[in-house]
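Notes follow the structure.
The values are calculated or read from the model by the stated rules, or taken from the named source; none is laboratory data. As the structure is a prediction and not an experimental result, all values here were calculated from the model. Don't worry about glycine lacking a Cβ; one is built from the backbone with ideal geometry, like all the others, and counts go over all protein chains shown.
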Amino acid sequence: MHLVIGVDLGGTKFAAGAMTADGRQAFAFQSELTRAEEGADAVVARMAQLIDKVIADTIAETGAQRADFHGIGIGAPGPLRRKDGVVVVAPNLGWHDYPLSARLAAATGMTVTLDNDANCATLGEWWIGAARGAKNVVGITIGTGIGGGLIIDGRLYHGASDVAGEIGHTTIETAGRRCTCGNYGCLEAYASGPAIAERAREALDSNVRSLLRTIAGADLSALTAQQVYQAAQDGDELAREVVRDTARYLGAGVANLLNLFNPDVVVLAGGVTEAGELLLAPLRAEARRRAFRPAVDAARIVPGALGGRAGVVGAVAAFIAEHPVPA
């Protein structure tokens, strides 16, 4: 049996799991909170512990041996230097020039490859998910931040310095909201999970009646995008308006990508998929209104099929791309 560990590192949580090199079987997927405020080394130490648990659980389930695990692929946010295994900057983690691959390799004794987390999610959806079989794919991941990945002619595209696909930090309002990256008007500042919750809180300040007050309870600062989606599904008009605005922002971003890359598939992953067609239908309409018709006609705009596992699956695929493993 040939196995690879995949790790998906996010600002809120990290997840890990094992997969066979052919992508057909997955084992022991699990996650825990990132707790980035404890510092990067503490996060890596807990990540190594989780990887050990994944390996132990997989061995118990399959009868595999530790020697069957070829290595670890990890997806991390922020601009990276892939060859060096360094996270250059990750605003949602507070990391700068952190040698993640080396630290995780030292903690686990295994070979580690690093790629962008959104690249990994896109690669996962292309490998065995909603974009399987497509030649040109744009992936957008929406969670604590907004990331993106590009597959061009069947290959993951990294660009000249590994920052291709930073869709969340494209500007949609030149004098808009301040983003965690320090810029103003980034797509992430309007349509990430925290940004969706913030816009809902701002709307609630006007004392408009809304289910969100009941759902969130006394502490509106704890309101989440998932709760906004829930209220929208339950028919709350304020929440529905926040979701429609989010769809317009994302639709404008998608339209730009359709015109730039003319993909077969645009796949959206992350918590945004919980909103379903309440978000996807107006998003498609906005993209259709803004992009060239041939680009719109050629592309499917779809939710991811792998759910919260896309990043882990893609991290496995990214490792295999660097270190071919027998299927």
Determine the pairs where a residue that is closer than 25 Å to Gly314 by Cα, located within segment 270-294, has a partner that is not in a helix (DSSP H, G or I) with Cβ atoms under 6 Å apart, the partner being 6 or more residues away or on another chain. Gly270/Thr141; Gly270/Ile142; Gly270/Gly143; Gly271/Gly143; Val272/Ile142; Thr273/Pro303
Given the conditions (1) over 18 Å from His323 (Cβ atoms); (2) of a type in the set (A, V, I, L, M); (3) touching a helix residue (DSSP H, G or I) at 6+ places or on another chain (Cβ under 6 Å); (4) in a strand (DSSP E or B), which single one is not true for Val44? (4)
Out of all the residues in segment 189-209, is one or more in contact with a Cys (Cβ under 8 Å, 6 or more places away or on another chain), at pLDDT 95 or above and not assigned by TED's automatic domain parsing to the domain that holds Ala90? yes
Positions within segment 1-19 being outside any loop (DSSP other than H, G, I, E, B), over 16 Å from Leu104 (Cβ atoms) and touching a residue at least 24 places away in the same chain (Cβ under 8 Å), in sequence order: Leu3, Met19
So, Val163, is that one surrounded by fewer than 17 Cβ atoms within 10 Å (Cβ to Cβ) and closer than 18 Å to Ala118 by Cα or not? yes
Test each condition in (1) of a type in the set (Val, Ile, Thr); (2) crowded, with 24+ Cβ neighbours inside 10 Å; (3) more than 19 Å from Glu274 (Cα to Cα) for Ile152 and report the one that comes out false. (2)
Here is a check on your reading of the model: is Leu123 under 20 Å from the mean Cα position of the chain (by Cα), among the aliphatic types (A, V, I, L, M), crowded, with 21+ Cβ neighbours inside 10 Å and over 22 Å from Gly270 (Cα atoms)? no
Of all residues being out of contact with any Ser or Thr (no Cβ under 7 Å at 6 or more places or on another chain) and part of a loop (DSSP other than H, G, I, E, B) in segment 273-325, which is surrounded by the most Cβ atoms within 10 Å (Cβ to Cβ)? Just the residue, please. Ala299
Within segment 20-41, how many residues are surrounded by 14 or more Cβ atoms within 10 Å (Cβ to Cβ) and part of a helix (DSSP H, G or I)? 2
In the set Ala118, Ala175, Ala134, which member is among the hydrophobic types (A, V, I, L, M, F, W, C), farther than 30 Å from Ile55 by Cβ and at pLDDT below 95? Ala175
Restricting segment 89-108 to residues that are over 15 Å from the mean Cα position of the chain (by Cα) and in a loop (DSSP other than H, G, I, E, B), which is surrounded by the most Cβ atoms within 10 Å (Cβ to Cβ)? Pro99
Pull up segment 69-88, narrow it to residues that are under 17 Å from the mean Cα position of the chain (by Cα) and under 18 Å from Glu166 (Cα atoms), then point me to the one that is surrounded by the most Cβ atoms within 10 Å (Cβ to Cβ). Gly75
In segment 204-242, the residues that are in a helix (DSSP H, G or I), within 27 Å of the chain's Cα centre (by Cα) and hydrophobic (A, V, I, L, M, F, W, C): Leu212, Ile215, Ala216, Leu220, Ala222, Ala225, Val228, Ala231, Ala232, Leu238, Ala239, Val242
